[in-house]
Amino acid sequence: MKLDWRIGVALAATLIACTEPTKHPAGCQGDVSLAVGIASTGSDVPLFGWSPACGISMLTVETVPAAGGAGVLVWQFTAPENAQVGPAIVYGRTPRGATETRPALQLSTGVTYRLTVESTVGGDGVVGRGTVTFQL
């Protein structure tokens, strides 16, 4: 039986992809433009994206406090600077290689939340950052 050339190309690409180390996006620099959508999971689970499609080392979601109040951290993860994660993050699903520092809490309709992403150098030097507020 003769193999279709497209199948051969697909198999070769798969083998190459399986042997290459995971590539991480370059870290974000400067202002990062954020977008919040809904994941295609059939529920109101936020999907976080950003532009440019660069890497981040921290993602935080917190409530926006009323005047005089304090915000509540509802989800946070960090990623190593040499293995930053790219966009298309589903709320509550910590990306591979990242460490969840605050497990995700249930989000509520009508509450205003603030999403913040950062890319750092040297553990604490913020070189890229973006923030946006959203509601379910």
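Just so you know, all these numbers are worked out from the coordinates, no wet-lab data involved. Note that the structure is a prediction, hence the values are computed from the model and not measured. A quick note on method: Cβ atoms are made from the backbone with ideal geometry, for glycine too, and the neighbour counts reach across all protein chains shown.
How much length would be gained if the chain were fully extended between ASP44 and THR131, taking 0.36 nm per residue of separation minus their Cα-Cα distance, in nm to one decimal?
This chain segment gains 29.3 nm when fully extended.
Mind listing the phi-derived Karplus ³J(HN,Hα) values for segment 74-79, rounded to whole Hz, using 6.51, -1.76 and 1.60 with θ = phi - 60°, and x for any glycine or proline?
Per residue, the Karplus-derived 3J(HN,Hα) values read 10, 6, 7, 9, 10, 10 Hz.
Which order, highest average first, do 68-75, 48-55 follow once you tally other Cβ atoms within 10 Å for each residue and take the mean per peptide? Present the calculation step by step, with values, prior to reporting the outcome.
On the way: 68-75: 13.1, 48-55: 17.2.
Peptide ranking by packing, descending: 48-55, 68-75.
Kirkwood hydrodynamic radius (Cα pairs, Å) of segment 38-116? Intermediate values should be presented prior to the final figure.
Working: mean 1/r = 0.0748 Å⁻¹.
Final number for the Kirkwood radius of segment 38-116 is 13.4 Å.
Counting Lys +1, Arg +1, Asp -1, Glu -1, what net charge surrounds SER119 among other residues with beta carbon under 14 Å of its beta carbon?
Residues near SER119 contribute -3 overall.
Skipping prolines and chain starts, which residues have an amide H placed within reach, meaning under 5 Å, of the one on VAL64, given they are 5 or more residues away or on another chain?
THR112, TYR113, ARG114
Explain nothing, just the number: dipole magnitude of segment 28-136 about its Cα centre with +1 on each Lys and Arg Cβ and -1 on each Asp and Glu Cβ, in debye rounded to the nearest 20.
Dipole magnitude for segment 28-136 comes out near 160 debye.
Could you please report the charge total around GLU62, scoring K, R as +1 and D, E as -1 over all other residues with beta-carbon less than 13 angstrom from its beta-carbon?
Local charge sum for GLU62: +2.
Please list, by residue number, everything in segment 38-78 whose backbone N is under 15 Å from a paramagnetic label point 7 Å out along Cα→Cβ of GLN106.
44-45
What is the distance in Å between the Cα centres of segment 92-136 and segment 39-86?
2
Read phi for every residue in segment 44-51 and hand back ³J(HN,Hα) as whole Hz from Karplus 6.51 cos²θ - 1.76 cosθ + 1.60, θ = phi - 60°, with x for Gly and Pro.
Per-residue couplings from phi come out as 8, 8, x, 10, 9, x, 7, 9 Hz.
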